[in-house]
Every structure is written in structure tokens, then in C-alpha cells.
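Here the structure comes first, spelled out in C-alpha cells, and everything after it is commentary.
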Amino acid sequence: MKKIVSNLKFNDKNQLVCKGKNGKFCPVFKKQGSLDGACATYSVVMNLLILSVISDTDTRIYAEHKTRDIKNLFKVFCNDHGMHRDGQTFYKIKKMLLDSFGKIIDVKHTCTNCSALETLDSIVAIIKNDDKPVIVSVHNNYLCHAMLAVGYEKEDDKITRLFLLDPDGDYIHGRKRWNAEIEVNKERKNQFSYISSTDGIKSKSYVELDDILILSKL
């Protein structure tokens, strides 16, 4: 059984879209390099699109932002803290969001001291019960990366994989509503027990799930 957040759809051109702030369907996927900032910024922007609190036109480089909140959001994320060369912790991302866009959304930063299994269960519960995506952090000895979890697969009452939008990968329209997967590897016994794979990136990585960010429209 697969569950994908319901605001992710294909339009008649097989493009991945969601209903944006203005009620019109707009493209969702943002590949790293199309905006400023690093992986967490792209995951945040895709999340805000799916929550219908911004529109695709708001994300364009020379957009004229019509509200103070959206102007502040992109000023903080793309101007004041652009590039994010050394990355940003989820603590900092939460503060940036609340400072710039706190009148529009709420942000929860959770699972900081959870086991990977507890984090997985939390992600699945939010997608299942609240029908909204979750910004997730993964790591291993070589990387620390943020992606947007948009769905999951379940077999025999056990979660077998997460489906994600990974800004670092490619997205081929019309195939599926995600471009990355994290597979629960039941046999691997060491620290990194999840297999992460992304379209356009040939290698797979063993990773561990870290903390998560949950964005909610007020």
C-alpha cells in the first residue's frame, strides 16, 4: 500500500504540480541551483508550495512579492542567508521560518533525541493523519542532507520505504510523484540502517534518519 500527500498531482502535461496559494496548480519540484541556498532551503520551499501558502511565481528570482510576509521569507532564506555554504541546522531553519513567515505558518522541530525507528514512525504518522509532507534530515559518515518526505509504502503492517522529493537529484515528469526513496533495510545491523537512492544519482547510500521539521498552515 502506498500513501502520497494528496496535494501532489500530475496535470494534463504529466507535470508534477500542487495547488498553490492562489488556488491554481503550479510546479512543485525545485532542483538545487534553481534558487539560492542549499538542500534545506529547497525542501522548505517545496513544502510551502504543497501547503498552498506560496505560489510558484513567488519563487522566481526577480519576483515582486506582493505581501510583506512572503517578501520577508525570501529575504531571509535567499538574500540574508543565501548559499548556506556550511548548511543550516534545523534549529536555525525553524527560527528563520518563524521570524520571517511566522504569521502564516507554524513550525515544529522534533525527533532530536529519537531513535531512527521512532523518527520513521513520526514521519509516517504525519503523512497519514495530517496529509502533509515532512522535511527530514539524514546523515552518514560522509553527508548530512535534507529532503522532503511526501509518502510511504507499507507491506504487512510494516513500513518498507519512504518516498521523497530530493532537490539534489533529477525529476522525470509523469513517472511518479517522488524522485527519491529511503528503504528500510531489515538485515543491516550497524548504525546506518536505511538505503537512500535518488533519480539521477547512480550510487545508493546507507543513511540514518535524524530530526524532522513539520510545517503547518495557520
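The values are calculated or read from the model by the stated rules, or taken from the named source; none is laboratory data. This one's a predicted model, so the numbers in the text were calculated from it and none came from an experiment. All Cβ positions, glycine included, derive from the backbone under ideal geometry; neighbour counts span all protein chains shown.
Residues in the stretch 147-154: is at least one assigned by TED's automatic domain parsing to the domain that holds Tyr194, at pLDDT below 90 and out of contact with any Gly (no Cβ under 8 Å at 6 or more places or on another chain)?
Taking every residue of the stretch 147-154 in turn, none turns out to be assigned by TED's automatic domain parsing to the domain that holds Tyr194, at pLDDT below 90 and out of contact with any Gly (no Cβ under 8 Å at 6 or more places or on another chain).
Ile93 passes all but one of (1) modelled with pLDDT under 85; (2) surrounded by 20 or more Cβ atoms within 10 Å (Cβ to Cβ); (3) in contact with a helix residue (DSSP H, G or I) (Cβ under 7 Å, 6 or more places away or on another chain); which number fails?
(1)
Which one of these does Ile127 not meet: (1) more than 30 Å from Asn185 (Cα to Cα); (2) in contact (Cβ under 8 Å) with a residue 12 or more places away in the chain; (3) of a type outside the set (Asp, Glu)?
Unmet for Ile127, out of (1) more than 30 Å from Asn185 (Cα to Cα); (2) in contact (Cβ under 8 Å) with a residue 12 or more places away in the chain; (3) of a type outside the set (Asp, Glu): (1).
Please enumerate the residues belonging to the stretch 37-66 that are of a type in the set (A, V, I, L, M, F, W, C) and farther than 15 Å from Ile93 by Cβ.
Leu49, Ile50, Leu51, Val53, Ile54, Ile61, Ala63
Failed condition for Lys128, given (1) farther than 20 Å from Ser193 by Cβ; (2) assigned to a strand (DSSP E or B), with all others met?
Here Lys128 meets the rest and fails (2).
Looking only at the stretch 59-70, filter to residues that are modelled with pLDDT of 90 or more and part of a helix (DSSP H, G or I); which one of those is farthest from the chain's Cα centre (by Cα)?
Arg68
Given the criteria outside the structural domain of Lys19 (by TED's automatic domain parsing) and either β-branched (Val, Ile, Thr) or touching a helix residue (DSSP H, G or I) at 6+ places or on another chain (Cβ under 8 Å) (or both), does Tyr142 qualify?
The answer is no for Tyr142.
If I go through the stretch 171-185 residue by residue, how many of them are surrounded by fewer than 22 Cβ atoms within 10 Å (Cβ to Cβ) and modelled with pLDDT under 90?
7
Return the residue satisfying two criteria in turn: it lies in the stretch 103-123 and is of a type outside the set (D, E, K, R) and in a loop (DSSP other than H, G, I, E, B), and of such residues it is surrounded by the most Cβ atoms within 10 Å (Cβ to Cβ).
The selected residue is Cys111.
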